[in-house]
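Working notes, beginning with the structure itself.
The values are calculated or read from the model by the stated rules, or taken from the named source; none is laboratory data. As the structure is a prediction and not an experimental result, all values here were calculated from the model. Positions of Cβ are generated from backbone atoms using ideal geometry, with glycine treated the same way; all protein chains shown enter the neighbour counts.
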Amino acid sequence: MSEKLADALRGAVRGDVLFDAGTKALYASDASNYRQVPIGVVRPRDADDVVAAVAVC
């Protein structure tokens, strides 16, 4: 499933689409006590990338 999602996002978004373990680990926590590893990470270039990423999901 995540491979199909990654491919779809890469086709729709001009920014970075990252599904590697290292990147996911970096984005798994914030300043809170909670840790949740994401399926992937999208770093959009602009608002159009945000719209495209949401449309894919």
- Item | region 14-28 residues that are over 23 Å from residue 46 (Cβ atoms), paired with ones that are of a type in the set (A, V, I, L, M) and part of a loop (DSSP other than H, G, I, E, B) (beta carbon under 6 Å, 6 or more apart) | 24/37; 28/37
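Quick check on residue 14: is it modelled with pLDDT of 95 or more, part of a helix (DSSP H, G or I) and of a type in the set (D, E, K, R)?
On the way: modelled with pLDDT of 95 or more: yes; part of a helix (DSSP H, G or I): no; of a type in the set (D, E, K, R): yes.
Answer is no for this residue.
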- Which residues, counting only those in region 21-56, are of a type outside the set (Phe, Trp, Tyr), under 20 Å from residue 3 (Cβ atoms), in a loop (DSSP other than H, G, I, E, B) and within 10 Å of the chain's Cα centre (by Cα)? 38, 39, 40
